[in-house]
Structures are given as C-alpha cells and as structure tokens.
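Engineer: Here's a structure for you.
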C-alpha cells in the first residue's frame, strides 16, 4: 500500500521530464524473471538524482540522464527488490528482471505482540495487522475509531451495554463488567485513556485474536489484545519532515430526529388533564412545584385573573412554538475538528531520532464548548558497541483541555421527573433570551425574589458560559529499554516505563449561574426578626476534583535463538514483569467563591437547614469533599518458544503465570497459570507441492487459555468505608462484596485453525480462520433472594461458547496505470451462554435482555447469546377498539396484567441476538495516476433491534411522549395500516408494558452502510524552487457516516443507532513529506 | 514515603526474582476493608443508612390517614397496594419493606461472625458490638413479622403458623425457609434479651442502640405476644435507665421543626423507609383522630398543620425533619408500661405513667389527672397510644393485636373514588404477601390472602 504512494509520485515525476540538451534518453523494461512478462506498475528509483518512475502497461519507463553511473532500485509488490548499478553512456534499453518473492506474506509483515516482533512465518496464532496507511485512512481524533471496519473479527458494538463494552474481538467471552480488550502501547499495557493517543503518532496496530497470539499477556488477554506501536526514527536515513493537517466538519446534532409527541397534542393533553382536576394537587402542593405555562394560563383563567379570550390567545401562541427550533438555532452548531501534526526524523548509522508534535482543536457542537490537545512524541535509539548494545529512549506526552460552557439540550428540564415542555422558547423573536419555568412555580420564584432572595429566573441562553467546566489532563510516558547481545543468539532485554497522569475537573458556578442562585436561595431562611440568613454565602460555587495516577512497569527477559543443521530453528524468550500503579483522588466543593479575590467562605456542612421552598424539608449543604487512593500490583512470569523445521513445520508454546493484589483473596488464588501451543505447516514448501498458481499456502493451528479478571471481586466480605454519615457525621462502612470462598479467575479456552494463501503475483491473497472459544469459570452476576441480604451475587458459575470464522481476502483486480484493489472482511460467529445457574427473570429478559441492566448485570439464558431480544407474542390490534392483543393460552387476550406478569420463558418469543452474527466490510480502492478513491462499505447481518413507540402512561400524565401517537389506531379499519395501539380510556401501565415488550416492535437489523469515502490526490512533484524538496504531497477529502445503502426494516429506524443516526462528516486534509 | 522507594523495590524484587506476597498485599482501593477488626465492625454498625431504617407500608394500611383520590395516583404502586389492601400489594415493584430488614440481618450477621474472629478484643467493646448486632437483627425480624407473618395468636396455635425466614450466618447461599411463628417470635425474644444484657446504658449518638432501646424493643415484642407483665417490666426498666423526659411546654410547638434530631424524647433513632406518602400534600390525618385531642393538648400544634377544613397534615416528627420517626421514644415506653400494668391490674402504677406523660403533653392549665379505672383506663391508654404515637408505624401492629379482643376490634374503612372499602378485623389482608422476587428466587411459601 505504501508503495502505491510512491508509484503515484512517480507518475507525476514522469510528467515533469525536463529535456535538457546534453541528456540522453534511457528506457527500461521491467519483466518477471521466469515468465519474461512485463510488470506494469513497477517502480524504478534512480539515485543519486532521486527520481522515481513507474513502468507503464508494457513494463516500460524512460528518462533523460546525463552520462554517468546511476543506481537503479526496482520495486514491485510481491517481488524482491532489485538494486543495481548501471553506467549510462549512450541511449540504450535496459532490462530489469524481478523475481517473485518466495514467501510473499513474510516480506513486509512483522508482527508485534508487545513482547517481541516476530516474522509472520514464525507465527502460529491469529494476528491482524494494520499499517500506517490504513490507520491514516480514516480521519478521527480518537485512535480507536480507526480500527472500525478495517480489522477482521473486531466489531464496534451498538447494542448490549455498548457504553462499557464498545469493542468486541471475536465475540464476548465474559458476562460481567470486564469485557474490553487489553490495550498495549509501546510494549506495556496502557492505563491512560485512548483518546489521548494521537493517531498520527501510530506506526502500526496489531490485534491478537487467539490464545497463541495473546497468551503472552496471560490473565488480561481474555478479551483479545490490541498492540499499538508508535513511530520511531530509522537508522541511516537523512532528515525528513512530515506535516499533516486536516479539518473535519461534522454535522450539527438534529433535535428533530427525536420522535416526540407534537406540541399541539401535548397541549391538548394538558388542557384535558386540567379539566379533570389532575393538577389541583400541584396547585396546593406546599413545595410550590413548577407549573407549565399552559396549565398556568388555564389556572389563571379559572381563577378569573385573565379572560377566556386572553387564555385562548396565549395557548394558541404556545401551540405555534417548538423548543427544538430554538435548540437547533441557539444551542448547537456544526462541529469542527482541526488536526495538525509535524514530525522530524532521521538517523545515522548508530543513532536514530524522531520528534513529532501534534495539535488537535475541536469546536464542539454545543455553542461555547471546545477542546484541544497537544501531543509530543520523542524517540532516540542508539546502537552501540558494535551493535551489541541497543538503547531506546522514548517520551510521549499529552496535554488536553476541554471547556464546556453549554450543557446542551440535556440540561433543559422542567422538574426532576419531567423534561422541558415542548413549547418552551429559548429566545423571543428578536433573539433576546427568555426565562423558562422550571422546578418551582413562577409565582413562588417571584415572591422569593421580592422577599429579598436572589433572582430565581432560569434563562437557559444566559446560562451559557456561567458555569464553565474545565477538564484538564496531563499524561506522560517515559520509556527506556536496553538490549544487549550477550552471546551469539542470546540477548538480554530490560524495559522500563514510567507513566503518570494528572486529571483535573473544575466547575466554577458563578454567582450568576442558575445552579448557584438556586443553591443559595434554597438555603436561605428568615430569623425571628425577619432578617434574611443565607446559610450558603453569596458568591460562586467551585467544584474541583483531581486524580493523580502513576505507574512503574519493568520487564526483564532473555531471548535465545539458534539454528542447527540448516533446517532447524529454535527461538525462545522468558522473563519476568512487574507493575505497580498507584492513584490518589481528591475532590472539593467550595462556597462563596470570588475569583477576583481568589477567596472562599466556609459553610456549615453538619446542620440540617430548612429548605426555603418548604421549610419542613431540611437538608445539609451539599458536601463534595472526598479523598481516595488505591494501587494495582501485577507480577508475572512468562516464557515462550518456537521450533521450526525446514521452513515448513512450526511448533510454538507459551506459558504465563500472573499474580495481582486482588483484594481479600488468599495468596494461592491470586496467581493463575495460562498456556498455549500452536502448530504451523507451510504446505507450499513441501517437495510434493507443485501448484504454481498458489505459490504460498500455510496452515496454522493453536490451542490454549487466556485469562480475564474481575478486579472488583474478593473472596471475603469486603466493605467500603465512607466518611461522614448524613445522620451522625461518623465514618461508616457499606458492604460491597459478600463472601465467596470459591472465587477464581475466568479462563477462556481458544482453538484456532487458520489458512493463509497467496496466488501468483499476489493478485489474490487471503486468510481464513475458524475458531472455537469457550469461556470457563465465568463470573456471573445473578439475582439473589432479598432474604439473603443482597440483591445480586457474583460467582464463577457460568460458561459461554463462541464459534466463528474470519475471512480476509485481498485482490488486485486491475494493475497498471488504472489500479483497482479490493479488500473483503467477512466474519461470522455464533455465541451462546452454555452455563448459567440462575434463571433470569422473564420481565428482565423482555425489558433488558438485549442491553443488560448496566454495571455488569446481564441476563443470560442457557443456549442463547448473552444479549438477545425476547418479546411477548403479538396478536395484532383489536379491530373494534384498537387495543393491543397478546396471546394467552393460544387465544388473543387483552388481559395485560396477566400477559405481563404470567409470561414465562416458554411463552415468550425469542427473536435472536442483539449483536450482529455476520459482519464485515468491503473496501475498494481505485487509483489512476495521482488520484485515488477508496470507499468502505460495511455490513451487519443476523441480528435484531427494538423500536421505541408510544407509551400512553406518560402522555396521559401530561409529560409528553412518542410521535407514534399521531399514527395510532383511531377508528375501526385503522388496523389495516397501523400496529400502533389506540389510546386507552384510563392510564394502564400493564398495557404500556405489554406493547413495549411485544413482538410488534422487534425487527431484523440487517443492513449495509456506506461508511466512508476517501478521495486522495497526490500532487505532482515540483522540480525546482524551494518546494522541490517535497517528496510527497497528498490532498485528500474524506466523508464519513455517509448513510445506509440497504436495510431490512421499512421504518426510518437505524438498526444500530435508532433515531440518533450518526452525524455525517467531511474532512479536508493535506499530507506533506520533505 | 512508600512511593519513593517503590521503584527501588521493583528492581530489587526483579533482581531477586521471588514471588512476593507483601508486594501483592497492597490494597487495590484504600477505602476497602475486610471487616476483621473491632474498628471495622464499629463503623459497619454505624451505617445508619442501612441499619436505622424500618418498613413503612404499615402507615398506609392503618387507620391514621386518608389520601385524596388524586393523591393516591401519585403514590408508588406498593403504597397504593397497601392503602387499598390489595391482594398483590407490591405489583411487581421492589419491596423495600422486605429487603431492607433482611439487609440489616445480613449486616448484623457479618458483624457477629467477624466479632468471633477478632483475636484480641476488649470485653466491653465486644459486648457492645455484639449487643448492637443482635439488637439490629431482632429489630429487623420484629418489623418483618408485623407485615409478612400473621399476628401472634392470643388463642395459641403459633407453632402451626408460618413466620419469617430466619438467618443466623452471613452466608448468602444458605437455604431460605420460613420458620413457624412461634420460632420466629422466640428468636426475636432471644436476640433482644441477649442484646439487653450486653448493651451499655448510654451511647452516643442515638443511632446506636442501648440497653434501654433493647428493653423498649422487648416491651414492643411482649405486647405483641400478649405477655403484658413482661412488657410492663421491660418498659419500666428502660424508663429507669433512660431518665430524660421532654416536656412539650418547654419547646416552641408552633415552630416549623419543634423537635430536633436525637432529642431528649428519642431513646433510639430509626426512620421509616422514605416513600411519597410521607411527603405528599394529598395525605391527611384521620379527622376523628384529630378531634380526639383535647383543648390544651400541645401535640395538636406540635404534630400537625391545618391545611384546610378538616385537612390536617403532619409537621413535627422526632426525626427533626420531614422523615417519619419509627424509633423508640420515652412516650412510647411510658404508654407500654401503663398498658401492660393496666392489663395485669396494677392500675395505680399504670395511671402514674399515663399522668406523667400527659402532664408533659398538656398545657398546665388544661391538664387534669386521669383517674379512670378498669376498662375505661385501658381504653384511655389505648387512645393515648394513637394520639402520642401517630405516624410511627405502630398502629398497624396495635390493630392486629387488639382485633383479637372482640371488644377492642375495629373495622377500618375508607372512601376511594366514591366507593367504601374496608379491612375487617383479623382479615387475611393483615398479612402482606411475600414479594414475588423472594418466592421466585428462594421458593419459600407464600401467605394466603
């Protein structure tokens, strides 16, 4: 791929041939050595003039040279390079013969496991490698995003606790909270956040998918391992600069995507509820809760404060407003991400260096919010004492800062259990910010203000900038490694890493902010003499939390390799690794804060003060002071070895023992031994193999165990100590973990069978792997009878199995001037929970079977995937009434209470998995001269999703609801074209629950998506002037989240994102090397 | 200090290459402990959020309040269920009235087991902590019995009735089975009796149980068991130990919060599980009850707000805030002593306790000593129980107990959406169903309703 870039440069260089008088024209032809066929697209580099040329369809190239001696380097993908000296005396035709590579795959591919770099030929395990070009193909601030749809077997989850479990490598073999792959950066597990790694600093990524690949990572490798290597300089290379700049424009969030009840329907319900006296208890409530403007208007009309006409006029006006218009207009804007990076690298024969600076600036979509990030990558490598001693020094630093001044639409709430009324206006017609009713009634707020309290008005647009939250992060990594060749084949290595991270979050609620004003007001009271006492002093409120983490990691290992009798090769490595991580946290909440004098005032956190809105309620002043500390310790022993015979047979073994400071676990349970073994057989090296069209075939098999650990668990009863109980202010303990004597680490058994093939000339190459994963001794969280004193219990009571395959196929469909390459990724898997002791409650399966309840609480059913969709059988709408009907004992029924309460595992419908079972991507890249076009199409099949729909309970309580209301059954006959139930006469939560969990709302998620398109243009090389030093210049345009090409569902619903469809983006960028 | 050397330490360990248990003994989170020292157990038993709570739905089921039709809809489902005496009270919602006491039992059992493991322990500390744990366990069982088991039968046959699930050890996997009612009550009796023997006379703060608190709980229990002599003895002993008394003439009964947290009246602090009912502006105090307060009764002002015609709501509570108090007060101790003594015919002493209480509740000019005797005296005391102890969750237990005497039985009635519904004396609806969650997961027997 990288060579393609050179090829393109060559094309432009060709067009800039300057014909000068003394020069003679030299032409060359590149052919394949065996067949003597021309090799179109081969690249010729001519030194010392540094020109690169591309062979045309006939394998020909030509250039004009002054007579002299030149070095010709000929390169072509799948062929060994040819480096030859030619004396040019007269015009002549040179023939260059290139030989196909014996083992095409091995030439470029070296796999990093994080412990060692091994050639692919010596690998028996399952690896996926991403090179720099592929990583750079996508534009994102975040490194992880760049793995999406280009990594075989890796999927970004859109269902099933996807916030905590965003990525799965070959399914999920654990039930609890610890489901994420281990991330390794520059040889050590990474403790920081991946958002901090600048993608431009990454050289390569390797994903380790099976036991043989990952077992070197032992107890933390159960979910797969992602090994990231950052860029370093190269020895013997002149100084090079590289510059990357891009700007990414991301669509503004669209509030209209949310399926909301229309404003006029919302108001109609308020009017109706008012007439039935529904709000009477609100009017008389001593806590003076907020009343929406429509209800307030009706109230005033009833009390004779305003006339009927006036009331009608006001309500008609409210009907014409839509809060979403204002949200779109005033709170959001398109997001703009800018990314710059500048690198400098080079090296002499004993030293290489690299310095890279990165700057990312994001103008976030909420007006007023922004973030930026600086990254620094410095590398220095030395090779000393006749190359016996290698020293590598690395420093990686990140400083990032995000400022949020605008909480967006989420902060717009009416009361604690109701969102903002949909006819609220953020500004009047001339754009002046308007006050909204929230929390307390307007009359109460006005009375309070006239009694001397602070202004209690809530004006959302004025709030922007009044309570800025600043999140600052500093992250530094220092790497030092030494290797020394003790004897021939024996090498000793010591690696050390120091990492530290400082996070600070500061929210400064200025005295003007609604939050501070409300806090001050709530804690205001009048003494006997009528004097106003403010228990929270005037001034702002400052909340500040800090976290400081640091770790030392050290690894010592011995590397031994030897060969004998030419055919035997042996290599091994063994060592020990220690890691110690400590963290400290602290938080403060300060009152009466005045930034201009940097002063604060102390408050009384102990006394329960009456609350102004209802003096019978008392409350302590919120105290956010806290402190915490903790540590992680790991200790591991590891070894692996490989034995190869005659380039054909390969045996690998690997073992590791891990121990950590798992709390409350007996010492013997801390450690777990894990191992793997693998076999490789390069069939094409056998004497009897003579299929010339497929010159390379390798079979691999591996088997072994990885581990996974839930570090929150303990064998003993564990309690967490907190300070300052609300009642007594004494320290108190809360039991967080009931005793479990049989706690063990989770183990994941993986068997993997793979075939690598490559056709002649590398036109077709591919890898197909089959695997079987079994999660054993998995920790399952199961509901416990309340009489036990706990709600849930964690134990090693579960198992899972995953069967699947991953296919990666690359074809070079067209070569020559117009090139067309295709990469197909196809993965299929079948996941199933094979052991789980507790029967998950049916109500939980229906409601959250596909998502889990969060916090690692999921609802496994033996024989089904962990995340699955279940529903109540649906018998359509009652043609008379439009009421939804379920099935009870084989008959349609409207007894919703029974339908919901008596549902059993046997009576509910199992639809299928919530996560795709067949998925992958198809990436086509076309290039012609300097232009390249690449499009990635992703597809996901074999899964289900649930739509949301109308819930009448909320609508009929005047709290708004779903836009499906407008499409509901209204008159007999409607059932022909709608499945949305009619509105019931009275609120019926069981009817809502039945419909919400019915089969009517579950659909197939299968779809194909045009994920992205990248258009690149390699600028022609400028031969003279100060730009002549530019060796490579590419302009590119990148569009992401382009849309769905095909989907199974007829609705507007996006199977993966629901109504919140991903925002489209377009990036424009430039990459320069000189 | 430790940090400074950690790097040196790492290299040292690496060089020596030994597996190092000290290195791995560091806590992953400093705030975690395995409760194993007296200090750990102390702070475990100071978890007021868990331990100083008790079930609340007895308030809804009793005859002290009524809810407007609109207000009823704003209550949680179990609250509505308890108020309407539905067969399925919880309607699938979490049943905190069941899970909260069992969580307390678990904490108590963890503390009891850990106490035995502590190698060197101070005897006094050991006794206090053991006493507290036993108290909390007995306290929790007592409240479970009031909702989820039939009332203790005056006529006997308690061995044949189902009680509650008893748990002795902190093993969450231990099998759950319902004991008989007799076994359940005797277990509470055992726990509280031992607690009373072990606990010190005084403790600060009042969220920690004392000997007087244990005796008070014993008195409550013995009243339920119709052991009036025992109840009177326990209450009298408690009153002797705890000598503070609150005279309502000395407080500002008109203030927003006439009582303070951990005040003189409070012997032991416990609050009812927080529910909407307690805060609702649509829940009113029974009008007949309000009318029973005589002229000059300071409780009328201290306890209630008049919010409309015949519309009274509670204001002053011993929690010092809006939460409902369920702990032990001197008023309750005096009334238990008086009632127990009245039942066994020691009327002189009974009148003494009653008058002592009333003299601290009435304005001096309105106070008239009670000189009734026989059934009149008992009725007077029972009425005072209603007036003094409103909103504590005690009325439900009294109804269950007194319904067993035909002359004291009461049919509870209420008007809901124009319909009169009623709870007959000794109805099976006086026993709450065991929550579905429990039935499904542990398979214990359901109550007949």
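Engineer: Report the residue count in region A:724-762 for those that are in a strand (DSSP E or B) and within 13 Å of chain B (Cβ to nearest Cβ).
Structural biologist: Total meeting the criteria: 6.
Engineer: So, one more: Across region A:242-290, what is the total count of residues that are outside any helix (DSSP H, G or I), within 14 Å of chain B (Cβ to nearest Cβ) and crowded, with 16+ Cβ neighbours inside 10 Å?
Structural biologist: Going through region A:242-290 one residue at a time, the tally reaches 6.
Engineer: Examine region A:595-605 for a residue that is touching a strand residue (DSSP E or B) at 6+ places or on another chain (Cβ under 6 Å) and at the interface with chain B (Cβ under 8 Å from one of its Cβ atoms), and state whether such a residue exists.
Structural biologist: Restricting attention to region A:595-605, the residues satisfying the condition of being touching a strand residue (DSSP E or B) at 6+ places or on another chain (Cβ under 6 Å) are A:600-601, A:603.
Subsequent filtering for residues that are at the interface with chain B (Cβ under 8 Å from one of its Cβ atoms) retains none.
For region A:595-605, residues touching a strand residue (DSSP E or B) at 6+ places or on another chain (Cβ under 6 Å) and at the interface with chain B (Cβ under 8 Å from one of its Cβ atoms): absent.
Engineer: Go through A:765, A:851, A:801, A:844 for me and flag whichever is assigned to a loop (DSSP other than H, G, I, E, B) and surrounded by fewer than 23 Cβ atoms within 10 Å (Cβ to Cβ).
Structural biologist: A:851
Engineer: Please go through region B:280-306 and give me each residue that is out of contact with any helix residue (DSSP H, G or I) (no Cβ under 8 Å at 6 or more places or on another chain) and outside any helix (DSSP H, G or I), ordered by number. Spell out the reasoning first.
Structural biologist: Going through region B:280-306, the residues out of contact with any helix residue (DSSP H, G or I) (no Cβ under 8 Å at 6 or more places or on another chain) turn out to be B:284-288, B:291, B:294-296, B:301, B:303, B:305-306.
Hits for region B:280-306 are B:284, B:285, B:286, B:294, B:295, B:296, B:305, B:306.
Engineer: Follow-up question, since we're still on this one. Among the listed residues B:74, B:100, which satisfies the condition of being closer than 30 Å to residue B:447 by Cα, under 25 Å from the mean Cα position of the chain (by Cα) and within 11 Å of chain A (Cβ to nearest Cβ)?
Structural biologist: Numbers: B:74 fails: under 25 Å from the mean Cα position of the chain (by Cα).
Just a single option satisfies the conditions, and that option is B:100.
Engineer: Mind counting the residues in region B:404-449 that are assigned to a helix (DSSP H, G or I) and either loosely packed, with under 11 Cβ neighbours inside 10 Å or away from chain A (no Cβ under 14 Å) (or both)?
Structural biologist: 6
Engineer: Any residue at all in region A:877-896 that is surrounded by fewer than 18 Cβ atoms within 10 Å (Cβ to Cβ), on the phi < 0 side of the Ramachandran plot, within 14 Å of chain B (Cβ to nearest Cβ) and touching a strand residue (DSSP E or B) at 6+ places or on another chain (Cβ under 9 Å)?
Structural biologist: So far as region A:877-896 goes, no, none of its residues is surrounded by fewer than 18 Cβ atoms within 10 Å (Cβ to Cβ), on the phi < 0 side of the Ramachandran plot, within 14 Å of chain B (Cβ to nearest Cβ) and touching a strand residue (DSSP E or B) at 6+ places or on another chain (Cβ under 9 Å).
Engineer: Return only the number of the condition from (1) modelled with pLDDT under 70; (2) within 25 Å of residue A:627 (Cβ to Cβ); (3) within 8 Å of another protein chain (Cβ to nearest Cβ); (4) out of contact with any strand residue (DSSP E or B) (no Cβ under 6 Å at 6 or more places or on another chain) that residue B:50 does not satisfy.
Structural biologist: For residue B:50, the exception is condition (1).
Engineer: Yes or no: region A:548-555 includes at least one residue that is within 25 Å of residue A:595 (Cβ to Cβ) and away from chain B (no Cβ under 14 Å).
Structural biologist: For region A:548-555, residues within 25 Å of residue A:595 (Cβ to Cβ) and away from chain B (no Cβ under 14 Å): absent.
Engineer: All but one of (1) modelled with pLDDT under 90; (2) more than 39 Å from the chain's Cα centre (by Cα); (3) in a strand (DSSP E or B) hold for residue A:656, so report the exception by its number.
Structural biologist: That leaves (2) as the condition not met.
Engineer: A further question on this structure: Return yes when residue B:70 is more than 29 Å from residue B:292 (Cβ to Cβ) and touching a residue at least 60 places away in the same chain (Cβ under 8 Å) and no when it is not.
Structural biologist: no
Engineer: If you don't mind, there's one more thing I want to ask. Restricting the search to region B:247-271, which residues are more than 21 Å from the chain's Cα centre (by Cα) and part of a loop (DSSP other than H, G, I, E, B)?
Structural biologist: In the first step, residues of region B:247-271 are kept if they are more than 21 Å from the chain's Cα centre (by Cα); the result is B:247-258.
Of everything in region B:247-271, those that are more than 21 Å from the chain's Cα centre (by Cα) and part of a loop (DSSP other than H, G, I, E, B) turn out to be B:247, B:251, B:252, B:253, B:254, B:255, B:256, B:257, B:258.
Engineer: If you don't mind, there's one more thing I want to ask. Could you count how many residues in region B:53-67 are within 11 Å of chain A (Cβ to nearest Cβ) and surrounded by fewer than 19 Cβ atoms within 10 Å (Cβ to Cβ)?
Structural biologist: Start the filter on region B:53-67 by keeping residues that are within 11 Å of chain A (Cβ to nearest Cβ), which leaves B:53, B:67.
Next, from what is left, pick out any that are surrounded by fewer than 19 Cβ atoms within 10 Å (Cβ to Cβ): none.
Residues flagged as within 11 Å of chain A (Cβ to nearest Cβ) and surrounded by fewer than 19 Cβ atoms within 10 Å (Cβ to Cβ) within region B:53-67 amount to 0.
Engineer: Kindly indicate which of B:331, B:316 is part of a loop (DSSP other than H, G, I, E, B) and touching a helix residue (DSSP H, G or I) at 6+ places or on another chain (Cβ under 6 Å).
Structural biologist: Selected residue: B:316, the only one of B:331, B:316 that is part of a loop (DSSP other than H, G, I, E, B) and touching a helix residue (DSSP H, G or I) at 6+ places or on another chain (Cβ under 6 Å).
Engineer: In this structure, does residue A:787 turn out to be within 14 Å of chain B (Cβ to nearest Cβ) and either in contact (Cβ under 8 Å) with a residue 24 or more places away in the chain or touching a helix residue (DSSP H, G or I) at 6+ places or on another chain (Cβ under 9 Å) (or both)?
Structural biologist: Values: within 14 Å of chain B (Cβ to nearest Cβ): yes; either in contact (Cβ under 8 Å) with a residue 24 or more places away in the chain or touching a helix residue (DSSP H, G or I) at 6+ places or on another chain (Cβ under 9 Å) (or both): yes.
The answer is yes for residue A:787.
Engineer: While we're on this one: Run residue B:91 past the list (1) crowded, with 22+ Cβ neighbours inside 10 Å; (2) within 30 Å of residue B:76 (Cα to Cα); (3) within 14 Å of chain A (Cβ to nearest Cβ) and report the number of the one that doesn't hold.
Structural biologist: (1)
Engineer: Tell me yes or no: at least one residue of region B:67-81 is assigned to a loop (DSSP other than H, G, I, E, B) and under 22 Å from residue A:786 (Cα atoms).
Structural biologist: yes
Engineer: Pick out the one residue from A:816, A:789 that is farther than 22 Å from residue A:755 by Cβ, over 29 Å from the mean Cα position of the chain (by Cα) and surrounded by fewer than 18 Cβ atoms within 10 Å (Cβ to Cβ).
Structural biologist: A:816
Engineer: A follow-up question, please. Can you name the number of the only condition in (1) part of a helix (DSSP H, G or I); (2) over 35 Å from the mean Cα position of the chain (by Cα) that residue A:452 fails?
Structural biologist: Here residue A:452 clears every test but (1).
Engineer: I need the full set of residues from region A:39-85 which are in contact (Cβ under 8 Å) with a residue 40 or more places away in the chain and farther than 23 Å from residue A:1024 by Cα, in order please.
Structural biologist: A:39, A:40, A:41, A:42, A:56, A:57, A:74, A:75, A:76, A:77, A:78, A:79
Engineer: Kindly indicate the residue of region B:197-233 that is part of a helix (DSSP H, G or I) and over 20 Å from residue B:145 (Cα atoms) and also farthest from the chain's Cα centre (by Cα) among those meeting that condition.
Structural biologist: Taking region B:197-233 and keeping what is part of a helix (DSSP H, G or I), we get B:197-198, B:211-224, B:228-233.
Now narrow it down to the ones that are over 20 Å from residue B:145 (Cα atoms): B:197-198, B:211-212, B:229, B:232-233.
Working: B:197: 20, B:198: 20, B:211: 16, B:212: 15, B:229: 22, B:232: 19, B:233: 20 Å.
Top of the filtered list is B:229.
Engineer: Inspect region A:796-814 for any residue being closer than 30 Å to residue B:141 by Cα, at pLDDT below 95 and within 14 Å of chain B (Cβ to nearest Cβ) and give the result as yes or no.
Structural biologist: no
Engineer: For residue B:392, only one of the following conditions fails: (1) surrounded by fewer than 20 Cβ atoms within 10 Å (Cβ to Cβ); (2) in a loop (DSSP other than H, G, I, E, B). What is its number?
Structural biologist: Status for residue B:392: all satisfied but (1).
Engineer: I'm trying to understand the selection: among the residues of region A:626-643, which are more than 7 Å from every other protein chain (Cβ to nearest Cβ) and more than 17 Å from residue A:554 (Cβ to Cβ)?
Structural biologist: Across region A:626-643, the qualifying residues are A:626, A:627, A:639, A:640, A:641, A:642, A:643.
Engineer: Additional query: Looking only at region A:593-619, which residues are part of a loop (DSSP other than H, G, I, E, B) and surrounded by fewer than 18 Cβ atoms within 10 Å (Cβ to Cβ)?
Structural biologist: Those that are part of a loop (DSSP other than H, G, I, E, B) and surrounded by fewer than 18 Cβ atoms within 10 Å (Cβ to Cβ): A:595, A:596, A:597, A:598, A:602, A:604, A:605, A:606, A:607.
Engineer: Only residues that are closer than 25 Å to residue B:363 by Cβ, crowded, with 19+ Cβ neighbours inside 10 Å and within 14 Å of chain A (Cβ to nearest Cβ): list them for region B:267-318, please.
Structural biologist: Within region B:267-318, B:302, B:303, B:304, B:312, B:313, B:314, B:315, B:316, B:317, B:318 qualify.
The values are calculated or read from the model by the stated rules, or taken from the named source; none is laboratory data. Everything quoted here is computed from the prediction, not taken from an experiment. Glycine gets a Cβ as well: all are built from the backbone with ideal geometry, and neighbour counts include every protein chain shown.
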